[in-house]
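What follows is a set of notes on a single structure, which appears directly below.
The values are calculated or read from the model by the stated rules, or taken from the named source; none is laboratory data. The structure displayed is predicted, hence computed values, not measured ones. For neighbour counting, all protein chains shown are included, and Cβ atoms are generated from backbone atoms with ideal geometry for every residue, glycine included.
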Amino acid sequence: MDHNERLIMYKIMLTHYIAQRKETVLQRGQKLSRKMMENGVTPDDVIGAHIDVVSRMIGPVDERIAASLEFLMEVMAGYGADYREYQSLKNRQKQLDTEIDIAADVQRALLEGTVPDCSFADIGVFSEPAKKMSGDYYQFVQGENGVLGVAVADIVGKGIPAAMCMSMIKYAMDSLPENRQGPPGVLASLNRVVERNVDPSMFITMFYGVYDPVGRTFSFSSAGHEPGFYYTSACDRFDDLEARGPALGFSPKTGYTEYTKPVAAGDMIILLTDGVTESRIDNEFIGRKRLIALIRRYMNLPAQELAEKVFYELEKMQDFELHDDFTFIAVKF
């Protein structure tokens with residue numbers, strides 16, 4: 001039924017109710033109201049139909065009742081205009097939500113990293129967006145001679161612009177030559193891409209490291225990214241995986257420094273985004289000391305279980321509401 005047919009149905013049902021006063025007609029009227037909303041029938045349309053039926057069945061009504069109906073009609077005319085605008089905005093919002101859902105699915109398909117199965121390391125990853133679209137990104141790169149590269153990045157910003165920037169970083173990473181340079185060269189290449197293509201109001205932080213299983217070394221560079229942790233098994237100690245360097249995109253000529261750590265059996269590397277260290281507990285960030293204590297609680301588990309437990313505990317502490325995108329990577333040697 002269309003708009004006019006719904007109003008005709010309303011008039012028929014009202015006529016029956018005035019004549020018969022049956023409960024079943026009232027129930028049908030409640031169902032009709034939902035259908036009228038779907039067909040864009042506004043409150044002033046309904047009142048107009050109501051007055052028409054009353055005038056035909058009862059005839060002239062008391063002047064005060066007539067005045068009250070006239071006043072109600074005028075009020076509902078304005079209400080109806082607002083209602084139509086609300087319905088239009090609601091439909092547009094529904095369409096936008098659908099488009100964002102599709103974009104989020106595409107982003108996940110493009111950016112979701114594959115965790116490699118390595119004989120020399122146990123790797124676990126947990127990455128969760130705070131909203132539908134994520135501003136975090138991670139990727140593992142298996143290179144020549146069995147080396148393993150790992151990247152984690154975070155864009156200052158949310159929503160579709162951040163998602164588009166991360167897609168660009170992913171494409172740029174995949175476009176690097178197979179004999180790519182070390183961490184400083186990778187970040188320098190990406191920096192030039194970001195500087196040319198990203199709005200100056202947005203910037204990207206990124207960490208890139210390479211593990212060499214032959215030399216048992218981990219080389220890394222950072223573009224302003226949240227420091228990870230390095231756990232040294234021999235002395236049972238966590239240290240910041242500190243590396244200095246400006247975020248991507250500030251200057252096309254930016255250079256990056258390479259840092260190297262020897263890796264022993266039992267050591268562990270933790271990489272993350274600031275959505276982890278800035279998880280809010282009692283209106284305060286969890287901070288790095290409390291995060292280390294949480295990691296220690298589960299560090300004897302396999303790497304994937306460790307990552308999942310850390311996420312679950314931090315999510316629970318925040319009443320299951322993330323305030324920022326969350327990415328946590330554990331590499332156990």
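Only residues that are surrounded by fewer than 19 Cβ atoms within 10 Å (Cβ to Cβ), in contact with a Phe, Trp or Tyr (Cβ under 8 Å, 6 or more places away or on another chain) and part of a loop (DSSP other than H, G, I, E, B) were counted across the stretch 246-266, and they come to 5. The number of residues in the stretch 176-202 being at pLDDT below 80 and over 25 Å from V263 (Cβ atoms) comes to 6.
Taken together, the residues in the stretch 163-197 that are touching a residue at least 60 places away in the same chain (Cβ under 8 Å), of a type outside the set (A, V, I, L, M, F, W, C) and closer than 24 Å to E144 by Cα amount to 5. A search for C-beta distances below 9 Å between a residue of the stretch 218-229 that is farther than 17 Å from T260 by Cβ and any residue that is in a loop (DSSP other than H, G, I, E, B) and hydroxyl-bearing (S, T, Y), counting only pairs 6+ apart in sequence or on different chains, returns A223/T254; A223/Y256; H225/T273; E226/T273. If you go through the stretch 13-71 and keep only what is in a loop (DSSP other than H, G, I, E, B) and either of a type outside the set (G, A, S) or more than 19 Å from D2 (Cβ to Cβ) (or both), you end up with R21, K22, N39, V41, T42, G59, P60, V61, D62.
All conditions but one from (1) part of a loop (DSSP other than H, G, I, E, B); (2) touching a Lys or Arg at 6+ places or on another chain (Cβ under 9 Å) apply to L294; the one that does not is (1).
The residues of the stretch 267-291 that are free of Cβ contacts under 8 Å to residues at least 40 places away in the same chain, assigned to a strand (DSSP E or B) and among the aliphatic types (A, V, I, L, M) amount to a single one, I281. In the stretch 40-56, the residues that are under 19 Å from I18 (Cα atoms) and surrounded by fewer than 17 Cβ atoms within 10 Å (Cβ to Cβ) form Cβ pairs under 8 Å with partners that are of a type in the set (D, E, K, R) and at pLDDT 80 or above, at six or more places apart or across chains, as follows: D52/K11. Can you confirm whether A243 is in contact (Cβ under 8 Å) with a residue 12 or more places away in the chain, closer than 23 Å to F126 by Cβ and in a loop (DSSP other than H, G, I, E, B)? Yes; evaluated as a whole, the condition is true for this residue.
Okay, residues lined up against (1) closer than 25 Å to F140 by Cα; (2) of a type in the set (A, V, I, L, M); (3) at pLDDT 85 or above; (4) crowded, with 19+ Cβ neighbours inside 10 Å:
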{"site": "T273", "(1), (2), (3), (4)": "yes, no, yes, yes"}
{"site": "D282", "(1), (2), (3), (4)": "no, no, no, no"}
{"site": "K316", "(1), (2), (3), (4)": "no, no, yes, no"}
{"site": "D324", "(1), (2), (3), (4)": "yes, no, no, yes"}
{"site": "A330", "(1), (2), (3), (4)": "yes, yes, yes, yes"}
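Restricting the stretch 57-100 to residues that are basic (K, R) and more than 23 Å from G29 (Cα to Cα) leaves a set whose member that is surrounded by the fewest Cβ atoms within 10 Å (Cβ to Cβ) is R64.
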